[in-house]
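Take a look at the structure below.
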Amino acid sequence: MFYFLHALVWVITLLPLRILYVLSDIFYPIVYYIIKYRKSVVRTNIEKSFPEKSKKELRKIERGFYRFFCDLFIESIYQININDAEIKRRFEFVNADAILQHYAEKNGVMIMTSHYGNWEWGTNFSLFSDKKVASCQIYKQLSNVKFNALMYKLRAKHGGINIEKRELLRAILRLKSENNFALYWMISDQTPAQKKIHYWTNFLNQDTPALTGSEQLARKFDYPVYYAEVKCIKRGYYQCELIPISLEPAKTEEFEITEKYMQMLQKTIEAQPEYWLWSHRRWKYARN
């Protein structure tokens, strides 16, 4: 069944994206009104995040999220046949020169990203440099072996390097010992495992546990830290601005980088809330 579906998707994604968006428009009412995919989770998350908004405003955000969620599904499978030129046309990086300068000076860089906009397309940074750049996306291995292999292949299609999160420290140490360095793209808005919660903050009007792994590695190796702020310019087009969080992380206070990242992400979400992954059970733990 997996191979049949893969072949079917491969054929479908030969169509231009503007035509595939028609499928997204068809999927939207099915997912939102009939299947109601995680609707209670989405609604609760949005309502608690924006207590000052009216019911009409909250439902507008909710519907906007589901419309984008269907677009994101289409854009994700479209990676099967998308070429380098189209990726570069649809996903633009701002301030990339600063990142590349650190790399040229033989320094690793930690880039804190999130489940906002099309984060899968953001893994193709190596396309935007004239020189070969070791651009590594950190991922969690999926339980489905075949699906994991497919996503691994898609994420490496345009030159990105996949590093499973449990192998990250070993990978950094190995590259550093070989006098090689890389850009490390870290999705940092997930919920940490309950036993690994080290820091809580107020995020979107809620008491929220934060991942601290990016900060810990940055402080350990003194790698500059940037925030990848994604903006959705129009349907199927994104801009990612790379904003410094700390250029000397070894000199920062504990959790300072994490707190700044969470504040920056909150501003991004507040500006265009429909593009964040509201279906994630972000607030499943309470502080003891």
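For SER177, what is the net charge nearby, where nearby means another residue's Cβ is under 14 Å from its Cβ and Lys, Arg count +1, Asp, Glu -1?
Charge balance in the 14 Å sphere: +3.
Give the Debye-formula value of log10 I(q)/I(0) at each listed q (0.12, 0.14, 0.20 Å⁻¹), with one equal scatterer per alpha carbon of the stretch 6-84, two decimals each.
Here the Debye-derived log intensity ratios amount to -0.43, -0.55, -0.87.
Would you please give the FRET efficiency between GLU105 and TYR199, computed as 1/(1 + (r/R0)^6) with r the Cβ-Cβ distance and R0 = 41 Å, to the nearest 0.05?
For GLU105 and TYR199, the calculated efficiency is 0.85.
Return the whole-Å distance between the Cα centroid of the stretch 241-258 and the Cα centroid of the stretch 25-78.
Rounded to whole Å, the Cα centres lie 33 Å apart.
Taking R0 as 35 Å, what's the FRET efficiency between LEU142 and LYS55 from their Cβ-Cβ distance, rounded to 0.05?
E(calc), rounded to 0.05, equals 0.45.
Return the long-range amide H neighbours of PHE93 (sequence gap of 5 or more, or a different chain), with a cut-off of under 5 Å between placed amide H atoms.
Distant-sequence amide H within range of PHE93: CYS240.
Could you sort the peptides 146-152, 111-117 by per-residue average Cβ neighbour count (10 Å cutoff), highest mean leading?
So the order, starting with the most tightly packed, is 111-117, 146-152.
For the stretch 1-81, what relative contact order do you get, as a whole percent, if you take Cα pairs closer than 8 Å and at least 6 residues apart? Mind showing how you got there, number by number?
Working: 38 pairs, mean separation 40.2, N = 81.
Once normalised by length, the contact order is 50 percent.
Say each of GLU254 and GLU167 gets a label point 7 Å from the Cα, pointing the same way as Cα to Cβ; how far apart are those two points in nm?
Reported label-point gap for GLU254 and GLU167 is 3.1 nm.
Do the sum for the chain: with -39,500 (n - 2.57) for every DSSP H run of n ≥ 4, divided by all residues, what is the mean residue ellipticity at 222 nm, to the nearest 500 deg cm²/dmol? Mind dumping the intermediate values first?
Numbers: 10 runs with 122 residues, N = 288.
After summing the helix terms and dividing by the residues of the chain, the value is -13000 deg cm²/dmol.
Take the eigenvalues of the Cα gyration tensor for the chain, scale each by 5, and report the square roots as semi-axes in whole Å, largest first. Intermediate values should be presented prior to the final figure.
On the way: eigenvalues 173, 132, 61 Å².
Sorted largest first and rounded, they come to 29, 26, 18 Å.
Send over the semi-axes of the stretch 141-288's equivalent ellipsoid, whole angstrom and largest first, taken as the square roots of 5 times the C-alpha gyration tensor eigenvalues.
Numbers: eigenvalues 113, 94, 66 Å².
Sorted largest first and rounded, they come to 24, 22, 18 Å.
Please turn the phi angles of the stretch 33-42 into ³J(HN,Hα) values with the Karplus equation 6.51 cos²θ - 1.76 cosθ + 1.60 (θ = phi - 60°), one per residue in order, whole Hz, x for glycine and proline.
In residue order, the calculated couplings are 9, 9, 5, 6, 4, 6, 4, 5, 5, 4 Hz.
Any read-out appearing in this document is the output of simple, stated calculations on the displayed coordinates, not a laboratory observation. Here the structure is a predicted model, which is why all the values come from computation and not from measurement. Because the Cβ atoms are built from the backbone with ideal geometry, glycine has one as well, and the counts that use them run over all protein chains shown.
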